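S.K.: One structure follows; several queries about it will come next.
Please treat every number below as a calculation from the coordinates, not as lab data. Nothing here was measured: the structure is a model prediction, and the numbers come from that model. Cβ: placed from backbone, ideal geometry, glycine included. Neighbour counts: every protein chain shown.
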Amino acid sequence: MVKVLQDLYIISEGGIVLYHRVFDEKLDEQLFGGLMSALNSFAEELTNEGLSNFELQDKRYTLIRKNEILFVASSSKKIKAKKVIEELQLIVNNFFDLYPKEILETWEGDVAIFLDFEKEIEDSLEGTIQKFQKAFW
């Protein structure tokens with residue numbers, strides 16, 4: 001199975017990163033979360049829908065917002081957008097299966113409760129070995 005997604009951020013409406021899985025952290029995840037939340041809010045003001053994706057160099061960032069949570073995933077621009085959206089939607093569904101709205105409504109700010117989410121999504125995320133192989137094979 002081809003792993004579609006490279007990086008993943010799950011961000012609260014207030015810009016707090018609840019969970020992230022990033023290959024090469026060049027930026028503080030909370031700073032990125034705040035920026036994505038602000039950009040999405042700005043886009044919602046302009047279009048009533050928010051951002052759905054944007055591209056930087058060789059990466060595409062895809063966003064899905066559900067129940068006041070923003071899911072941001074990066075992928076290679078070579079992968080079809082439809083496939084990325086499908087994979088990200090699976091992650092969104094897994095997240096809300098594991099953390100239903102009732103849990104999120106009573107959440108007190110400790111992001112440690114989301115650490116176990118990695119096990120639920122490892123099939124969707126490209127591993128370091130796969131990324132290395134792509135670079136050299």
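S.K.: Taking the range 34-82 as the region of interest, how many residues are free of Cβ contacts under 8 Å to residues at least 60 places away in the same chain and hydroxyl-bearing (Ser, Thr, Tyr)?
M.R.: Number satisfying all stated conditions: 6.
S.K.: Mind telling me which of the residues ILE113, ILE103 ends up being loosely packed, with under 13 Cβ neighbours inside 10 Å, without any contact (Cβ under 8 Å) to a residue 40 or more places away in the chain and β-branched (Val, Ile, Thr)?
M.R.: ILE103
S.K.: Being in contact (Cβ under 8 Å) with a residue 24 or more places away in the chain, assigned to a loop (DSSP other than H, G, I, E, B) and under 16 Å from ASN67 (Cβ atoms) is the filter here, so list the residues in the range 1-33 that pass it.
M.R.: GLU13, ILE16
S.K.: With the structure loaded, tell me whether ALA73 is surrounded by fewer than 12 Cβ atoms within 10 Å (Cβ to Cβ) and farther than 22 Å from ILE103 by Cα or whether it fails that test.
M.R.: no
S.K.: How many residues does the range 4-58 hold that are in contact with a helix residue (DSSP H, G or I) (Cβ under 6 Å, 6 or more places away or on another chain), closer than 17 Å to LYS77 by Cβ and surrounded by fewer than 18 Cβ atoms within 10 Å (Cβ to Cβ)?
M.R.: Selection size over the range 4-58: 0.
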